[in-house]
Amino acid sequence: MVGAGSIKQCLHQLTLLSKQWAGVIPDNLFDMSMGSLVHTAMRAFADATMSLEDITEEETHTLRQLLSTLCERVPALWGARASDELLAASVPVWTKFGQLVDVLEASLAGITQTWRDGGYAFAPEELRALVKALFSNTERRAQSLAAIC
């Protein structure tokens, strides 16, 4: 499971690099380099979360809080230049990671509706695995899983 210490340490190291690189290397190189590092970290935390087979309600809240912290603090790495567009361009997993945070607190009906509306960047098997991990085995879950294809 994703731990607070690993996220805190990752953010600390990224912040140090950001401060060292800002104004020293050209913005486009900063964006590419920092974006690659942030992408790698977010991908690792997302993969660790999405590989869980059973997530309790308490774990769900903890995970959401931890992953939200990462989402909230990453823009500061870019300083005043930070924008949704820049982050999405520099960090390929940015949108999907934000959606993972949202899914961790969403209702089963909300997840299913957002999927139907085309609102997720997840592959069907990824979202199905998350639904299985987050919700108990009920008829409603089975209907949602059938809709996510």
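Using the alpha-carbon positions of the chain, Rg (one decimal) and Dmax (whole number) come out as 16.7, 57 Å. In this calculation the C-beta distance from R73 to T114 is compared with R0 = 22 Å, giving a FRET efficiency of 0.30.
For region 33-48, 3J(HN,Hα) computed residue by residue from phi via the Karplus equation (6.51, -1.76, 1.60; θ = phi - 60°) reads 5, 5, x, 5, 5, 5, 4, 4, 5, 5, 4, 5, 5, 5, 4, 4 Hz, glycine and proline entered as x. Counting only DSSP H runs of at least 4 residues, each contributing -39500 (n - 2.57), and dividing by the residue count of the chain, the helix-based mean residue ellipticity at 222 nm comes to -22500 deg cm²/dmol.
Converting phi to 3J(HN,Hα) with the Karplus coefficients 6.51, -1.76 and 1.60 and the offset θ = phi - 60°, region 98-112 yields x, 5, 4, 4, 5, 4, 4, 10, 7, 7, 4, 5, x, 4, 4 Hz in sequence order, with x at every glycine or proline.
The numbers here are math on the coordinates, done by the rules we state, and not lab data. For clarity, every value in this text was computed on a predicted model and none was experimentally measured. For neighbour counting, all protein chains shown are included, and Cβ atoms are generated from backbone atoms with ideal geometry for every residue, glycine included.
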